[in-house]
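Take a look at the structure set out below.
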Amino acid sequence: KHGLSPECAYSFGCYASCLLNVFNEPEQGKRMALLAERVLEKTDSKHIEGQYQFSITTLLKAWLQPLHVVLSAYKAGQAAALETGDIENGYRCWGCSLMYGLV
């Protein structure tokens, strides 16, 4: 009721990306990304997960984590997006997983 909404996970993830890519603060960016992951897990909201996984994996995880972790995040995002009818982000996750799969 008065806690964090699922959309906060996306906001924290975008802020983590800014910390990493704009302000060159990788450690703080990683900590903020972990917070975003925890919020997403705690709220257990599928409607934001596809957008979150596409954006945060592309902007953040792809630079910080191994390829198999990135591909797993895209697969999870695709599944969550298609489950909730978010075809746009489901397709984006699918396309990026193909692109990274060819690397």
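The values are calculated or read from the model by the stated rules, or taken from the named source; none is laboratory data. All of these numbers come straight from a predicted model, not from anything done at the bench. In this analysis, Cβ positions are derived from the backbone assuming ideal geometry, glycine residues included, and neighbour counts consider all displayed protein chains. To get the accessible areas, we keep the full protein, side chains included, count just its heavy atoms, and leave off ligands, DNA and RNA. Shrake-Rupley method; radii C 1.70, N 1.55, O 1.52, S 1.80 Å.
Working note: 222 nm ellipticity from helices only, DSSP H runs with n ≥ 4, each -39,500 (n - 2.57), summed and divided by the residues of the chain, gives -24500 deg cm²/dmol to the nearest 500.
In a Gaussian network model over the chain where Cα atoms closer than 10 Å are linked, find which of 42, 75, 30 has the largest mean-square fluctuation. Maximum fluctuation in the GNM of the chain, among the listed residues, is at 42. Rounded to whole numbers, the Karplus 3J(HN,Hα) couplings from phi for segment 30-35 are 5, 5, 5, 5, 5, 4 Hz, using 6.51 cos²θ - 1.76 cosθ + 1.60 with θ = phi - 60°, and x at Gly and Pro.
Find out how many positive minus negative residues lie around residue 51, taking Lys and Arg as positive, Asp and Glu as negative, among other residues whose Cβ is under 12 Å from that of residue 51.
Counting the neighbours of residue 51, the net charge comes to -2.
Rolling a 1.4 Å probe over the protein heavy atoms of segment 7-83, with every protein chain left in place, gives an accessible area that is 57 percent carbon and sulfur. Summed over the residues of the chain and divided among them, the accessible surface reaches 62 Å² per residue at a probe radius of 1.4 Å.
Pairs on different chains or at least eight residues apart, Cα atoms closer than 17 Å: how many lysine pairs in the chain fit? Could you put the intermediate results ahead of the total?
On the way: 1/42; 30/61; 46/75; 61/75.
Value for the chain: 4.
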